[in-house]
Each structure stands twice: as structure tokens, then as C-alpha cells.
Amino acid sequence: MDQKKIDTEAQASMWNGRYGREEYAYGEAPNAYFEEQLKKLKPGKILMPAEGEGRNAVFAAKLGWAVSAFDISTEGQRKAAELARKNGVTISYKVGGLDTLKYQEEEFDAVALIYAHFSPGLKGEYHSAFNKYLKKGGTVILEAFSKNHLKYNQSDPKVGGPKDLEVLYSTDEVASYFSNFDVAELEEKEILLSEGLFHNGYGSVVRFTGRK
Ligand SMILES: C[S@@+](CC[C@H](N)C(=O)[O-])C[C@H]1O[C@@H](n2cnc3c(N)ncnc32)[C@H](O)[C@@H]1O
């Protein structure tokens, strides 16, 4: 088995462990930045990579978006299906990575990348695929921990987030993935998180909203 496959399997098993309990790891409510930005858009088709337990997918579906979510975690898929049922909406949610899942070029009106932290070996190719899958005029909404978040996590582990610098983001890195976009917002800032069991406290994030 190649190294990327081994890494992905180890990741999936970690996330299945986290999502195996009854509570929702990051809560049932959508991420605040995603909610604020999505409400400004006309509903269409949205791709939601690394969607976890479905809090953001269910919110989007409730606004009328046709949701295509994916994640490597089978437990994430199960919890997302439960949340969708509870909220009376339908979402498409596939388990896997972009080595097996294929989407069409210019298929989506929006791509949501909310704490979508990928292993270093996949990051570049994933973001170039997301860019390709978005229609011209489509929008990317991204919030993720910044490289400066490491010190926040060290002083208060309850805020969560990856501990590997390569998995975290910088504004320059995000700008390079979406260099063909009109940027509505790109910044790094300190925010107070209160999301379920695992994102609580002050953290440093990158926020990006841009139009292809
Ligand atoms: C911090 S969680 C965020 C979940 C969700 N976006 C949210 O904000 O509630 C990160 C997610 O990335 C997923 N993930 C990690 N590597 C992945 C990959 N290569 N492909 C798809 N999903 C991946 C994990 O399974 C996990 O659900």
C-alpha cells in the first residue's frame, strides 16, 4: 500500500473514534463564518469536502442548496445522515477521498472548506481539484486554523486543531490555491470558538471568501 493510503486509513480511524460517540464533536449548529457567508448567496450546488458530522451540510440543505459532501469517516457519514433526518433534509454524502471520488469540472456553484485540514501530501492536489470543480462565478468559503494557531493550542488544548504546521494554513497559501479568484475577504484573525466538544477557546484562523 502506498504511503498516502496508509496515512488516510490512520486518519479515518482517528476520526471514526472521535465521531463514534453520541454527541456531535463540533456541535449541530453550523460554523458562524460559513453561516454568515452562505446566507449572502443564491442556493445552487455546493461541494462540502471533509464535512465530518454534517453540521454545515444540513444548514446548507435547509437553505435550499443541493449538497454533495464527502469525508473519509464512515462514522461522520452516519452522524450526518442522522442530523439530516432530524432536520428533515436530504444530503448526498460519500465516504472516501479524491483518489476514488470524482466530480465534474465546473459542477458546483460553491465549495465550502470549513476546518478542512488535509495531510501535507494531499493538500495541493485537493485544492487544485476544488478550484477545477467550481463554476466560473462560483464561490469558495473557507475557515481553517492558521499556522499561528499552534501556540493557541499549546496554551489551551480545548481549542483543538491540528498540531502539524504543514496541515495548518497561511493566507499566502490560500491565496496561491485560489489565485484566479476575486477576493472578497482574506485574513488571518484571532477568534473565540465555541463549537461542540472540541473547538472551545481562542484560536487563530484563516478566513477566505472569493469568487472564481
Ligand atoms: C476538523 S474536522 C472538520 C469537520 C467539518 N468540516 C466541520 O467543520 O464540522 C476535519 C475532517 O476532515 C476529514 N478528512 C481528513 N482527511 C481527509 C481526506 N483526505 N479526505 C476527506 N476528508 C478528510 C476528517 O475525517 C474530519 O471529518
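Read the figures in this text as sums done on the coordinates, not as results from a lab. Computed from a predicted model, the values in this text were never measured in an experiment. Counting neighbours? That spans all protein chains shown, and the Cβs are built from the backbone with ideal geometry, glycine included.
Each other residue within a Cβ distance under 13 Å of residue 140 adds +1 if Lys or Arg and -1 if Asp or Glu, for a net charge of +2.
Taking the DSSP bridge list for region 3-211 and keeping only pairs wholly inside it, about 55 percent are antiparallel. Entry note, region 3-211: relative contact order of 20 percent, from Cα contacts under 8 Å with a spacing of 6+ residues.
Can you sort 15, 65 by how many other beta carbons sit within 10 Å, fewest first?
Going from sparsest to densest Cβ surroundings: 15, 65.
Computed from backbone phi, the HN-Hα couplings of region 76-86 come to x, 4, 4, 5, 5, 5, 5, 5, 5, 4, 4 Hz, rounded to whole numbers (Karplus: 6.51 cos²θ - 1.76 cosθ + 1.60, θ = phi - 60°; Gly and Pro given as x).
Which lysines does residue 123 reach when only Cα atoms under 20 Å apart count, and residues fewer than 8 places away in its own chain are ignored? Partners found: 4, 5, 94, 102, 132, 147, 163, 212. Working note: Cα atoms of the chain, range along each principal axis, descending, whole Å: 41, 39, 38. If only the Cβ of Lys and Arg carry +1 and only the Cβ of Asp and Glu carry -1, the dipole of the chain around its Cα centre is close to 520 debye. Answer rounded, prolate or oblate for region 41-132, using the Cα gyration tensor with square roots of eigenvalues a ≥ b ≥ c: rounded when a/c is under 1.5, else prolate when a/b is larger than b/c, else oblate. Oblate shape, in that a/c is at least 1.5 and b/c is the bigger or equal ratio.
Among 129-137, 23-31, the peptide with the highest mean count of other Cβ atoms within 10 Å heads the list, and the full ranking is 23-31, 129-137. Where a Cα-Cα gap under 15 Å defines reach, which aspartates and glutamates qualify for residue 86, not counting those fewer than 8 residues away within the same chain? In chain and number order, the partners are 22, 23, 28, 53. Going from the fewest other Cβ atoms within 10 Å to the most, the residues 141, 91 appear in the order 91, 141.
From most to least packed by mean Cβ count within 10 Å, the peptides 196-207, 107-118 give 107-118, 196-207.
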